[in-house]
Every structure is written in structure tokens, then in C-alpha cells.
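Following: one structure in C-alpha cells, then a few remarks.
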Amino acid sequence: MTAILEMKGITKTFPGVNALDNVNLTVEQGEIHALVGENGAGKSTLMKVLSGVYPHGEYEGQIFFEGEEKRFGNIADSERDGIIIIHQELALVPLLSIAENIFLGNERAGRGIIDWSETYRRTEELLKRVSLKESPRTRVTHLGLGKQQLVEIAKALSKEVKLLILDEPTSSLNEKDSQALLDLLVDLKGKGVSSILISHKLNEISQVADRITVLRDGATVSTLDCQKQEISEDDIVRDMVGRSLSDRFPPRQPNIGEPLFEVRNWSAFHPIHSDRQIVKNVNFHVRAGEVVGIAGLMGAGRTELAMSLFGKSYGDKISGEVRLRGKSVDVSSVHKAIKAGICYATEDRKTYGLVLDQSIRGNVPLANLKGIANGIVVDNHQERSVAEQYRSRMSIKSSGIAQKTVNLSGGNQQKVVLSKWLYAGPEVLILDEPTRGIDVGAKYEIYSIINDLAAAGKAIVVISSEMPELLGISDRIYVMNEGAFIGEMPVAEASQEKIMSMILKKGGKAA
Amino acid sequence: MTDIPAQKAETERPPALQFLRTHMREYGILFALIAIMVFFQFSTEGILLRPVNLTNLVLQNSYIVIMAVGMLMVIVCGHIDLSVGSVMGFVGALSAVLMVNFGIHYIPAAIICLIVGAAIGAIQGYWIAYWKIPSFIVTLAGMLVFKGSMMVLLKGQSVGPFPNEFRAISSGFIPDFFAGESLHITSLLLGVAVATLLVFLSIRARQKEQKHGVPEEPFFFFVGRNILVAAAIVYLTYLLATARGLPNVFIVMAILIAGYSFIAKQTTIGRRIYAVGGNQKAAKLSGINAERLTFLVFANMGMLAALAGLVFAARLNMATPKAGETFELDVIAAVFIGGASMAGGVGTVVGAVVGAFIMGVMNNGMSIMGIGIDWQQMIKGLVLLAAVIFDVYNKNKAA
Ligand SMILES: Nc1ncnc2c1ncn2[C@@H]1O[C@H](COP(=O)(O)OP(=O)(O)OP(=O)(O)O)[C@@H](O)[C@H]1O
Ligand SMILES: [Mg+2]
């Protein structure tokens, strides 16, 4: 075997942070190479160095691609050589069609005039290669995230890709879409395309990876060869966090009290297509000290339910009743909901969670500014100590509380969002995909925090697409499908198969 | 728990350099103002800082500064207000009609004018905040509407003169309680007092910071900045004191700058405005009433534009149909030169004021040098572009 890529002694610093310290990475021709590590370990940074986002000169070390030393000045340079990166935040233009997106900047044209029939023909070929059954004319905004991800890959394939880099491609996909994506990677491997896969989902990694490089605190810890020996998830975790994690979930002794949070006959309609009912007459309750999970497929309406409950942040013609400790409460605005003690931590941290231009310190107190102020005057000292407190409690890896959140790694951004809601002092906390993009160690910490909140008598609702997570941390699980709650079970009686079969039976047409 | 291992690198680099790199913008603009002043001081052979000219400089720029403070809030909130020049002109005209044509006493007349200004801002803000009509469109419409309304009010003619008491707000000077001969002692004392207060406050803030950890600003910078600011204030007030003392409008400006700086930096309202400008969706999901804030920010802008209109009318001693023309451009340019971001969420009041004075010093200096208005426009345009390019360059380097 020959190496298609060798990165030697890569060092990259940001003001106040040593993101990469003498990192080596070798990818063999035609393999799937997994890159794993805790949040902020430097995975994304390493890939940005490789793809020319950080041009030659901004880092130390050498990059050899197909045996030649490369000094990429920008992304176009690396793409020309066949290195294509798909960032976690998809970069498609929503209002353009699939075909237009695929050939954006690379148009099929003669003398500046676009050859549409050629464009559509090539697009159809590419879509066949990624097994996506959509018309090339469909606008990207009409596609779910899983399909958009496939369009990104089709776009990469349109450019003679030799090395495909995927940064957490499955973090917002459901299991079915994730599986399709992994199958595609294996398929591409058969056709000679090497890939680097970054993921926090270790089961996926052990499923498809040929070799695994583990980064910790910006340094290479080990490279595991899955073909030579059997690598278990625990082996990976040990290298990632530097100790073995015997359990994925903290022990939980539920101490469940009276019903704290009740939702009755809750309905909401689509904000634009106001005849489409997105949340259909939902009833549920959460007791004090209870962790309730909501299972369902992507698009089942779980986020929409949560956001409509949280100050009518989503939807139109919302009806129904919310009760807190038996009393009806007004949740008609976010402010009122927070005041009543109902908080919602979003799944989409960049769009809805953070003011990215502001520091950790600016973001943490945002939902509870009263807590850091006397009257309307902000107490700087109080503000600073609150930020420091959450930074250490959540182990947010950063150069300090003054670091802008835009410069935090994905997982650490998620922790800032959670900090904000913890500081708001919720009675009822709705967590939407709380561990998306978070490493195993930090997940454990977040589960522990959930447990602590529950132990303090709060009501917790967790929306998650990771079934094992729901089974591991909830006391009770509701199943949602196509806007309606179709089942409920205590966790002792729940299993992945049971939930899935419930969804498939009810849904009829599998999503 | 992992214990902040990432911090090691920080101490290895010289902290002063590090600090300068991250705070390039704030210091950069101050240095730019000083450099521009030094340049014109030489090229006008010392006329720039002559007491009489300095007084003039303050008077000439007061209305721009007043509006820049409001515009900063608007821009930080993620919007723009193109109507301020027209609103200012309209309110100036209204004040003239009230005082000169109807003979209303200047105090109630001025209050009416401020209320009308706030109401105009509120109406525009209403469409922007609650109907989500882009501020560019609403205020472009406002610009035309109030320009026309002003001409209707004035019937195409200039109206004046104003009562003397009213004129005093912009052409008067604070009284001297010490009856100094060649020196306006009250003014000088006021300058010294303000400088001392500022130094005192910043020492106290630093002490507090020290108690809770290492201050971010290196000691050298802290001392340098304080000495520089204090010396500049004392020197400039001294210069003004050798002429006729501090103009009344200077006091008005100082109060506005201090007040709005405080609101922007130290109050929850300020925090919310920055959050809304930085990411409206996230701010709303944090329980911040973005619509109401936007509405208030525009109402406030309208009131400050009205105040500027009064100051300007009082200074000219009449309301003319040309008043306020293209002032919105100067105001917006001042805010951007001062480091605010077009995307919202970034900018400081002091930056905007310094930006306004950069424009003002250039106008004044170039006029003294006899540079034609044509060249002046070109140079000002290039300075605006350069300032924003500098910003973007810095941002890219930091990322
Ligand atoms: N532009 C930047 N400025 C300052 N620090 C940065 C910047 N970009 C990244 N960092 C820091 O570099 C470190 C590595 O970040 P990186 O995004 O590579 O982590 P990651 O391994 O991809 O983590 P995650 O799994 O959470 O996505 C982090 O500590 C982060 O705060
Ligand atoms: Mg990352």
C-alpha cells in the first residue's frame, strides 16, 4: 500500500490556543481513515490546514499528497489536486436547484453560456452514483439534511475527487440516512476514492474505518489499524480521553415526584402553509425529577413541538394548554416561558443558539441578564464570575471567557448553549439533540448534569435521534411520528426495535 | 474534568503584542485621529488647534456627533437609518415655524420638536420592527417624505431669526463663575475634573479586575492610555478656555456620549441590543424582545435627530430648506469609520464619536487649506473605504 496523504509535524496556533502541536497523519491509498478526538482536540483545524482554509505559511509542517509536497494557498488549490472537504455546516445555496448547486463555480458551459442539458445529464449520473432519487431540478431547500449531505458528496464527485474529507457528516442525520452515507463511503472506497471521516459516533467508525487516528489536545495519540486487530469502541475511547470510560451513561436513581409539566391538546400549523398541521393534538406530561425522552424520526415534528411550546417560536394557529404544577401558564412569548421556568436549548446552535460574534462571557448570561445586573446596570464582576463558573463546570475548552464563540470547536459551542440555559435556572428544560457533535467524555458530563437537574426536582425533556442515548438517560419515552404522539413506555419496557416498529406501523410509509 | 490545558501558549507570547493585536481596532482609530490632527496642525500652519478654530470645530460637528450616537445604536441593532438628515431638517423647520411664526416660547417649542422627532422615529421603527420591512426601504421613504414635509412647512423659504435664548444652545458658552481675565476658569476646571474622574474610574475598574484575576490590558497600555486621554482632555479644554470657554453644546454632547456609552456597555438594554444585532434569532430564543428594542432604537434615533435639528437651526439662526441635506451620509460614515459592522452587533459609542471627529477634522482642515469641496468629497470617501478595509483585514487576520 502507498500513502496518498502524509501530513508531517503540523503545528497551528491561534492567539491563546495551541490548536495543533506536531501532528502526523498518514492516509493510505483507498482507505477510509477515521479521525477521532474530544471536542477541541483539533480535528477540524487539521482538516482546514489540509484543505487550504489555513494557507501555507499559517501553519508549520509539511503536507505530501500523492508523494509530492503541497503548499495550498486556498481551497481551490487543494480541490484542483482532488482533495475535497465537506464541512459540517453544509454550504449549499438553498434556493438553487440540485444541479445548479453541484456545478456552482464549475458550470458546464461553452463560452460562458450554460449548457443546461449537459448539466442535467451529468447531475443525473452523479445522483445515481450517490443513490439519491431526486430530480436535478429540485431546489435544495426542499431536501432534508440527509439528502443535502448526499448532494454535497455528489458535488465532490463532480470534481474528480481523490481524497474526500467529511467533518461530522452524520451528526444531524437519522440512522437510516447515516447508514446510507456510510454505505456510499464504502462504495466509493471500492472505486478508489480515499476518505477521511471525522465523527463522534464511534459505532459508525468501527463499522467502516480501516484505520483510526486519535487526536488529543492537539497531538496525535495513536493510530489504530482495524485490519490488523479487532478494535472495540472502548479502545478508541481510552485513547481519546486518556482513561477508560467503563460506562457510557452515569448511573441514575430516579426520584420521581408529582406531575410538574403538562401539555394538553397541543396543536400547531406550518407558518407558511397554514393548512398543514405540524403538531397534532399532543398530550404529555413530565413529573418532577423525571427525564422524559421523545423519540422519532427526523421530521417527526419534535423540534417544532418544542419550539411552539417555547413562546410560540414556531408555527401558526397554535392551540392547547400548558400547565406547570397543575396551574395553567401563559407561554405565548419566549420571555414569559422563561419567566415561568420553561427553557429550550436548540438543536441548531449556530442559527438559534449563539451570538457568534460575542464571547463566552457575552453568551452565557443572555437568557438571564437580570442575574448579572443590579436593576438595569450590569455587574461586570458578577458577569465574569458566572462565565468562569460555567466554563469550568462544563469544561469548555477555550483560551478564556473572552474567546469569541465563533472560534470554539463545535462541541464546545454546544456546551456554551447548554450553559446559557442552565444559568437561566429552568424548572422545565427541553433539550433538543443536546449531545450533537459532542465527544463521549463530554456526553457523559452532560448526562450527569441532566441527572443532577432531575435530582433537584426539575422536569427534563430530551429530544434525540440517537436511540441508545434516549434509552440510556430517560425514565420514560414518548414516540412521535408525523406530528402526533403515537406511544409511550417506561424505559424498562423500551427498546430500539420496539420504538422503530411502532413508528413504521403507524407511519405506514417508512420515512 | 479537563483543566484548561489550552492556556499555556498565551503566556509564551509577549502579552503586550498579543493585546495590541486583538485590540488593534480601538487603538487604531484613536491613533488615526491623532495622526490626522497632527497632520493638519502642520499643514494648516497651526490654525487647526487655534482656540477659535477648535471652538468652531466643536460647533460644526456637534449635530453630526449627536446623530452618530443614535446611529451607532441603530447600526449595532442591525439596521440603518437614511432619514436622519431629512428628519433633522424637518424638525429644524418645525422649530422655526413654532417659534418664529407662532411665537411659542422656546422651551415648550423645543420639547414639542423632540417629541415629534421621537414620534417620527417610532413610526418608522414600527414598520421595521413589527412588520419586518427592511429599514433601508422604510427610512429611504422617510428621507423623501420628511424632506418634502420640510419644504411644505417652510414654503420654500428660510425662516428666522430665532430668539436669542434659543440660539444660546448652540452658539452660547457656559458662564464663568470665576471671571477669569484671559482664561475661562470654569471651563478649565471642568476639563480637569472630568479628566480626573475618568482616570479615577478607570483605576477603580482596574483594581476590581485585579482582585478577580489578571487584567487583560497590560499595565503599560493602561497607564499610557490614561495619561494620553487625560492630557488630551485637559489640553483641549485649556485651548477652548483661552477663547470663550466651553460651548453649551459641548456639554450636551459630553452628557450624551457618557450616557449612551454607559447604556451600551453597562446596562442590560445595551447587552440586548448587541445580542439582537449579532444574532436576532438566538436573541429572540433567549427571551429578548427584539421587536420592542428595534422600535425603541429607532424612536431614540428620531429624538436625537430632532435634537440635532434644533442645534443646527439655532446655529444658523434660521431654518433653511437645505438643512440636513446629505448629513445622513456623514453620520453613517462616522459610525463605520468608528468600527461598527454593517452586519450589526459590533461597534462602540466612543468609536462612532471619534469617527465623527475624524470626518470633522478632515472637513475643517481641508477647508482651511483651501482644498475644494470636490477634492474633499473624494478624500473623505477614500478614508471611509480605507477604514472599513482595515477592519475587514484585521478580522480576517484574527480568524
Ligand atoms: N479561529 C480560531 N481562533 C481561536 N481559536 C480557535 C480557532 N479555531 C479553532 N480554535 C481552537 O482550536 C482548538 C481546536 O478546534 P477544532 O475546531 O479543530 O476542534 P475539533 O477537534 O474539531 O472539535 P469538535 O469535535 O468539537 O468539532 C479549540 O480549542 C478551538 O477553540
Ligand atoms: Mg470540529
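A few points about this structure:
- Computed extension gain for A:LYS327 through A:LYS159, at 0.36 nm per residue and net of the alpha carbon distance, reaches 54.5 nm.
- Exposed loop positions in chain A were taken to be trypsin sites (Lys or Arg not before Pro) whose DSSP state is not H, G, I, E or B and which have at most 10 other beta-carbon atoms within 10 angstrom. Between these positions, the longest stretch is A:244-508.
- Neighbour net charge for A:ARG361 - beta-carbon separation under 15 angstrom, K R +1, D E -1: +2
- Relative contact order %, the stretch B:251-333, counting alpha carbon pairs below 8 Å whose residues are six or more apart: 12 percent
- Chain A, relative contact order [Cα under 8 Å, separation at least 6], %: 15 percent
- Comparing A:SER194, B:ILE111, B:LEU59 along the charge dipole axis of the protein assembly as shown, the residue lying farthest to the positive side is B:ILE111, per the Cβ-charge model.
- Relative contact order, percent, the stretch A:3-241 [alpha-carbon distance under 8 Å, six or more residues apart]: 28 percent
- Over chain B, all Cα pairs binned in 20 Å intervals from 0 give whole-percent P(r) values of 25, 57, 17, 1, listed from short to long.
- Proportion of all alpha-carbon pairs of the protein assembly as shown beyond 39 Å (%): 51 percent
- Rounded FRET efficiency, nearest 0.05, which uses the C-beta distance separating A:SER501 from B:LEU140 and R0 of 35 Å: 0.05
- Interface between chains B and A: roughly 3300 Å² of accessible area buried, both sides summed (probe 1.4 Å, protein heavy atoms only).
- Projected label distance in nm at B:GLN210 and A:ASP115, using a 7 Å step from Cα toward the beta-carbon: 7.4 nm
- Each of B:SER182, B:PHE220, B:ALA243 was placed along the dipole of the stretch B:173-246 (beta-carbon charges, centred on the mean Cα), and the one lying farthest toward the positive end is B:PHE220.
- Inter-centroid distance (Cα atoms) of the stretch A:481-497 relative to the stretch B:84-129, Å: 63 Å
- Longest site-free stretch - chain B; sites: GluC sites (Glu not before Pro), DSSP loop, at most 13 other Cβ within 10 Å: B:182-399
- Sparse-neighbourhood loop sites, chymotrypsin sites (Phe, Trp or Tyr not before Pro) in the stretch B:78-126 - DSSP loop, at most 16 other Cβ within 10 angstrom: B:PHE102
- Among the protein heavy atoms of chain A, carbon and sulfur supply 47% of the accessible surface, probe 1.4 Å, non-protein parts ignored.
- Cβ-Cβ FRET estimate between A:ASP81 and A:LEU145, R0 fixed at 25 Å, reported to 0.05: 0.30
- Residue-span extension gain [A:THR11 to A:GLU66] - 0.36 nm each, minus C-alpha spacing: 17.7 nm
- Other residues with beta-carbon under 11 Å from the beta-carbon of A:GLU262 carry, at +1 per Lys or Arg and -1 per Asp or Glu, a net charge of +3.
- The mean of 1/r over all pairs of different alpha-carbon atoms in the stretch B:173-246, once inverted, gives a Kirkwood hydrodynamic radius of 13.6 Å.
- Qualifying trypsin sites (Lys or Arg not before Pro) in the stretch B:120-182, DSSP loop, other Cβ atoms within 10 Å at most 13: B:LYS132, B:LYS155
- Residues of the stretch A:160-198 with amide N under 20 Å of the 7 Å Cα→Cβ point at A:ASP225: A:194-197
- When the Cα gyration tensor is reduced to axis lengths a ≥ b ≥ c, the ratio a/c is 1.5 or higher for the stretch A:432-507, and with a/b above b/c it is classed as prolate.
- R0 of 60 Å, Cβ-Cβ distance B:VAL192-A:ASP247: FRET efficiency to nearest 0.05: 0.35
- Note on B:VAL38 and A:ASP183: the model spin-label points, each 7 Å out from Cα along the C-beta direction, lie 7.1 nm apart.
- Per residue of peptide B:145-156, the mean number of Cβ atoms on other chains within 10 Å of the residue Cβ is 0.
- 13 Å beta-carbon shell around B:THR294, net charge (K/R +1, D/E -1): +2
- Oblate is the label for the stretch A:324-378. Its Cα gyration tensor axes, ordered a ≥ b ≥ c, give a/c of at least 1.5 and b/c at or above a/b.
- Point-charge dipole on Cβ atoms (K/R +1, D/E -1) for the protein assembly as shown, about Cα centre, debye to 20: 1980 debye
- Sparse packing (at most 16 other Cβ atoms within 10 Å of the Cβ) combined with a DSSP loop state is found for the following chymotrypsin sites (Phe, Trp or Tyr not before Pro) in the stretch B:138-209: B:PHE177, B:PHE178.
- Taking a point 7 Å from the Cα of A:GLN389 along the Cα-to-Cβ direction, the residues of the stretch A:326-341 with backbone N closer than 19 Å to it are A:339, A:341.
- Annotation: extensible slack from A:SER448 through A:ALA91 equals 125.1 nm (criterion: 0.36 nm per residue apart, minus Cα-Cα distance).
- Cα-based shape type of chain A, given that a ≥ b ≥ c are square roots of the gyration tensor eigenvalues and the cut on a/c is 1.5: prolate
- Solvent-accessible surface, computed for protein heavy atoms with a probe of 1.4 Å, shrinks by 40 Å² or more for the following residues of the stretch B:279-302 when the other protein chains are added to the isolated chain: B:ASN279, B:LYS281, B:ALA282, B:LEU285, B:SER286, B:GLY287.
- The label point for B:ALA386 and the one for B:SER202, both projected 7 Å from the Cα toward the Cβ, are 2.5 nm apart.
The values are calculated or read from the model by the stated rules, or taken from the named source; none is laboratory data. It should be emphasised that the depicted structure is a prediction, and the values quoted were computed from it without experimental measurement. Using ideal geometry, Cβ is built from the backbone for each residue, glycine included, and neighbour counts are taken over all protein chains shown. The area values use the complete protein model at the heavy-atom level, side chains included, leaving out ligands, DNA and RNA. Shrake-Rupley method; radii C 1.70, N 1.55, O 1.52, S 1.80 Å.
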